[in-house]
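J.: After the structure tokens below, expect a handful of questions from me.
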Amino acid sequence: MVSDASAVRVVAYDLLDAKREVLNVLFSTEEMSFSSGLRELLAVEKTVSRWAMTGEVTNKHVFWCTDSTNTVSFLTKGSSKSHVQKVVFSIAKKLQKLRILISPIHLSRMDPRIQEADERSKQPDSDDWSIDKLSFEDLDNQFHFDVDLFASTHNARLDKFYSLFYEEKSQGMDAFAQDWSSGMLWMAPPVKLLTQVVRRIKKCHCQGVVILPKWPTALFYVHFFDGDKARYPFILVREFNPFIFQNQDASSALKGKIEFNMVALYFKT
């Protein structure tokens, strides 16, 4: 594993499969105020917490690469600072339960593996977007949503939500790995996942509302509309122009769009 933490985001990826990010989340406001050493340690804590929740890694010897000498020291010797030691102890308990041994390895800041993690930690998440609260509440008052399927701690519109990566407050990871048959679903998915969303909706018993940009020329659009008419099982609820919350430095289909014409579609299968 290789990890790095910027002032706002923490990233960890599997060196054997560099394209697979195990962790890529924004720090909370409180976490942003932590020392750089503690933020680096949180990369380990958050990743191990993910493994504890999913059980995807057990009975392994993991070599953890970091440019933080403090993190190496924390993991091998602990810390005299109680708030840091609390995190170290949390990691140790989870590792013992999972039968995982972590060997921390210090790498130079100039090491290409660290530079790769550093670059990822500074890149905004192009898929982390949401509509304004008033626009959402207008729809929620009509449909009474139970779960936000594509969200993060920072943009979730409901207490119950699923995130792409491990986050402490989420109910689980990867919306497509979850059961969609229970409750009224709220979906504001990344544009690149809209075709996959349609396929999943048609394969399961579920109901909810999905919102998407009104882009008639986009490839995904024909899965939702036949001309101006919504395709089965979708019913047009409304066209609206919400305020879009997103890092405006992000490179995505919605880049630079502060307000944009969207459509809300109800479905029940």
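J.: Report yes if D14 is over 16 Å from the mean Cα position of the chain (by Cα), buried (at least 20 other Cβ atoms within 10 Å of the Cβ) and under 12 Å from C65 (Cβ atoms), otherwise no.
T.: So D14 does not fit the description; no.
J.: Among the residues of the stretch 159-217, which ones are among the polar types (S, T, N, Q) and either more than 19 Å from K268 (Cα to Cα) or under 14 Å from the mean Cα position of the chain (by Cα) (or both)?
T.: S163, S170, Q171, T217
J.: Can you tell me which of M1, M110 is more than 22 Å from S152 (Cβ to Cβ) and hydrophobic (A, V, I, L, M, F, W, C)?
T.: M110
Yes/no per residue for (1) polar (S, T, N, Q); (2) closer than 21 Å to A151 by Cβ; (3) out of contact with any Asp or Glu (no Cβ under 9 Å at 6 or more places or on another chain); (4) modelled with pLDDT of 95 or more:
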site: K203; (1), (2), (3), (4): no, no, yes, no
site: L212; (1), (2), (3), (4): no, yes, yes, no
site: F220; (1), (2), (3), (4): no, yes, yes, no
site: F225; (1), (2), (3), (4): no, no, yes, yes
site: R231; (1), (2), (3), (4): no, no, yes, yes
site: N241; (1), (2), (3), (4): yes, no, no, no
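J.: Let me ask another. Given (1) part of a helix (DSSP H, G or I); (2) surrounded by fewer than 18 Cβ atoms within 10 Å (Cβ to Cβ); (3) under 18 Å from the mean Cα position of the chain (by Cα); (4) not basic (K, R), identify the lone condition not met by Q85.
T.: (3) is the only condition that Q85 fails.
J.: Any idea which of (1) touching a helix residue (DSSP H, G or I) at 6+ places or on another chain (Cβ under 8 Å); (2) among the polar types (S, T, N, Q); (3) over 18 Å from L26 (Cα atoms) is the one N141 doesn't satisfy?
T.: Every listed condition holds for N141 apart from (1).
J.: Looking at L101, L139, which is the one that is free of Cβ contacts under 8 Å to residues at least 60 places away in the same chain, in contact with a strand residue (DSSP E or B) (Cβ under 9 Å, 6 or more places away or on another chain) and not hydroxyl-bearing (S, T, Y)?
T.: Of L101, L139, the one residue that is free of Cβ contacts under 8 Å to residues at least 60 places away in the same chain, in contact with a strand residue (DSSP E or B) (Cβ under 9 Å, 6 or more places away or on another chain) and not hydroxyl-bearing (S, T, Y) is L101.
J.: Please indicate, with yes or no, whether at least one residue in the stretch 91-110 is in contact with a helix residue (DSSP H, G or I) (Cβ under 9 Å, 6 or more places away or on another chain), of a type in the set (V, I, T) and assigned to a helix (DSSP H, G or I).
T.: yes
J.: Considering only residues that are more than 22 Å from V8 (Cβ to Cβ) and among the small types (G, A, S), which ones fall in the stretch 30-64?
T.: Answer for the stretch 30-64, where residues must be more than 22 Å from V8 (Cβ to Cβ) and among the small types (G, A, S): A52, G55.
J.: Take the stretch 186-201 and flag every residue that is out of contact with any strand residue (DSSP E or B) (no Cβ under 9 Å at 6 or more places or on another chain) and not polar (S, T, N, Q).
T.: The answer is K192, R199, R200.
The values are calculated or read from the model by the stated rules, or taken from the named source; none is laboratory data. Since this is a predicted model, take the numbers as computed values, not measurements. Don't worry about glycine lacking a Cβ; one is built from the backbone with ideal geometry, like all the others, and counts go over all protein chains shown.
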